[in-house]
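For reference, the structure discussed in these notes is given below.
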């Protein structure tokens, strides 16, 4: 039975991918489609040799290095090395070659201190607890350490870099994430706006606009090897938040065509028609990255996983499912796995995700709202109609009346994924269900679902899932954007218990962030909700410090709940050795982002 299901999955995925390739005017075989066209950074003999030699622990290190000469010259030099009998499987040999032909990661960046940073933003005055207020000030200070500006040489000689040039400085996540990332940036912007750094925000939004002009969408991140996949679409939401803060209608008016371009990309290239229970037809969105080779930034991991596939499985379809999971932002999670429950069964392209469709609904509502503010009632009405269609589709396809919550839908099996994921409750966020009016009966059932799933018992917040898969987007990890969306979803509910839960979860998340900051003087990309510690388990890399979206979410919670939040007691015990090692590794990676 399992083999039959895998076969059906592969047949279906092959048909879907072929259909999409043909629809986009391409006849190239999926197996030949790399993450980008570069024979240095995305595919080819040098990439394979460097990664197979294990020159670096992190596969991302090599593909972030700057070339000292043109790629063709470097490849000729590598061929000469091979022809001369050099052992290119040796880490020492390849390390010497890289030192001759490449500069270290981060050499394309300059440290940049935002000119619009001010000492004490007004929102901190509303934080009642003096310890939390001081902590908020320290987090606000971190924006200065995360500012980066791309050197003009990247603009003038882009062929030497994997970095995508953008004209305005950025706030990066931190650690190994030296470049901008799409959905990370949304929560960074939320924090920047609270810090009253509107000029920095405007520049980062302009960078996004440039990406849309260049690619038709916003890539996963600011590297060439990310340019064939995106991330959750939040550009419009960030623009709405900027408009709410600044009332800068003229800037937003110039951006509106690009907001619509990105929206149309998702509707043209990431949508699927699904039948509801009454045979009605509904258009929903799903993630879909047409990449049939290993990810350059995780080349060894993908190659190892592909070799473990069952006989007869198509590695190209596997790589497409992996890249698609990266597009979702949940890389990786049991959400995307088949019935075997392991990584080799990944089939992301079968899933119609709850959270993506909530993001799309929120974007449609934001486009309607922005259009009204710009005086374009016709466009506003068009997007409001899209919101209403989206709500109907979410109700028809994703709502499970049996479970009393929304569930991911498998388009191959025609079944819901009946497991807890924090994203299951996201339709409460901006009320993307029904007629857009919050219903106490529905939202009460959602609260009951959270209780039934026993996910409200952890000191560090809501787990991403209850599955112990070993992947980083599963139990016991809690991620800042997920905590924020869960809290936002519950906070707006007409159900008093839901609102109280939102406040309680905000306190728990602040507690874990505050305690770890007190112990390590760092903010981390994720936390263990079960122990309240870091690092969280799972993942392809060490837990990272910085950390942009963590900062933005905490500032948001201090702003929203600062009148009631209280600083937790902090242990004076020494920081565990594991934490010290993680901190040293993370800070070492962070230093690389500024070295010349």
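The values are calculated or read from the model by the stated rules, or taken from the named source; none is laboratory data. In this text, all values refer to a predicted model and were calculated from it rather than measured experimentally. We place every Cβ from the backbone using ideal geometry, glycine too, and count neighbours over all the protein chains shown.
Results, tabulated for the structure shown:
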read-out	value
In region 296-308, the residues that are buried (at least 16 other Cβ atoms within 10 Å of the Cβ) and either in contact with a helix residue (DSSP H, G or I) (Cβ under 8 Å, 6 or more places away or on another chain) or more than 30 Å from residue 65 (Cα to Cα) (or both)	296, 297, 298, 299, 300, 302, 303, 305, 306
Of all residues making up region 425-447, the number that are out of contact with any strand residue (DSSP E or B) (no Cβ under 8 Å at 6 or more places or on another chain) and surrounded by 14 or more Cβ atoms within 10 Å (Cβ to Cβ)	13
Number of positions in region 92-129 that are over 30 Å from residue 154 (Cβ atoms), more than 30 Å from the chain's Cα centre (by Cα) and touching a residue at least 12 places away in the same chain (Cβ under 8 Å)	3
Residue within region 524-544 that is closer than 16 Å to residue 135 by Cα, at pLDDT below 95 and crowded, with 21+ Cβ neighbours inside 10 Å present	yes
Restricting region 70-91 to residues that are touching a residue at least 40 places away in the same chain (Cβ under 8 Å) and part of a loop (DSSP other than H, G, I, E, B), the residue that is farthest from residue 101 (Cα to Cα)	89
Some residue of region 352-375 being in contact with a strand residue (DSSP E or B) (Cβ under 6 Å, 6 or more places away or on another chain), at pLDDT 95 or above and farther than 24 Å from residue 467 by Cα	yes
Members of region 278-295 that are in a loop (DSSP other than H, G, I, E, B) and touching a helix residue (DSSP H, G or I) at 6+ places or on another chain (Cβ under 9 Å)	278, 280, 286, 287, 288, 289, 290, 291, 292, 293, 294, 295
Residues satisfying the stated conditions in region 185-208, i.e. more than 21 Å from residue 121 (Cβ to Cβ) and surrounded by 23 or more Cβ atoms within 10 Å (Cβ to Cβ)	208
Odd one out for residue 569 among (1) without any contact (Cβ under 8 Å) to a residue 60 or more places away in the chain; (2) within 25 Å of residue 430 (Cα to Cα); (3) part of a loop (DSSP other than H, G, I, E, B)	(2)
Residues (within 16 Å of residue 278 (Cα to Cα) and buried (at least 18 other Cβ atoms within 10 Å of the Cβ)) located in region 397-407	397, 398, 399
Residues satisfying the stated conditions in region 408-435, i.e. touching a helix residue (DSSP H, G or I) at 6+ places or on another chain (Cβ under 6 Å) and closer than 20 Å to residue 273 by Cα	408, 409, 410, 411, 412, 427, 432, 433
So residue 340, is it touching a helix residue (DSSP H, G or I) at 6+ places or on another chain (Cβ under 9 Å), surrounded by fewer than 24 Cβ atoms within 10 Å (Cβ to Cβ) and free of Cβ contacts under 8 Å to residues at least 40 places away in the same chain	no
Looking only at region 48-69, and only at residues there that are farther than 13 Å from residue 100 by Cα and crowded, with 22+ Cβ neighbours inside 10 Å, the one that is nearest to the chain's Cα centre (by Cα)	60
Residue that is farthest from residue 108 (Cα to Cα) [pool: residues in region 134-148 that are touching a residue at least 60 places away in the same chain (Cβ under 8 Å) and not in a helix (DSSP H, G or I)]	146
Unmet criterion (only one of (1) over 23 Å from the mean Cα position of the chain (by Cα); (2) touching a residue at least 12 places away in the same chain (Cβ under 8 Å)) for residue 311	(2)
Condition met for residue 165 (crowded, with 24+ Cβ neighbours inside 10 Å, in contact with a strand residue (DSSP E or B) (Cβ under 7 Å, 6 or more places away or on another chain) and under 24 Å from residue 251 (Cβ atoms))	no
Qualifying residue in region 8-31 (condition: under 27 Å from residue 410 (Cα atoms), within 27 Å of the chain's Cα centre (by Cα) and at pLDDT 95 or above)	yes
Which numbered condition residue 361 misses (of (1) in contact (Cβ under 8 Å) with a residue 60 or more places away in the chain; (2) more than 25 Å from the chain's Cα centre (by Cα); (3) closer than 15 Å to residue 434 by Cα)	(2)
Qualifying residue in region 277-288 (condition: closer than 18 Å to residue 32 by Cα and at pLDDT 95 or above)	yes
Filter result (part of a helix (DSSP H, G or I) and in contact (Cβ under 8 Å) with a residue 60 or more places away in the chain) within region 49-60	51, 52, 60
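Yes or no, residue by residue, for (1) part of a helix (DSSP H, G or I); (2) surrounded by fewer than 21 Cβ atoms within 10 Å (Cβ to Cβ):
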| site | (1), (2) |
| --- | --- |
| 110 | no, yes |
| 115 | no, yes |
| 125 | yes, yes |
| 132 | yes, no |
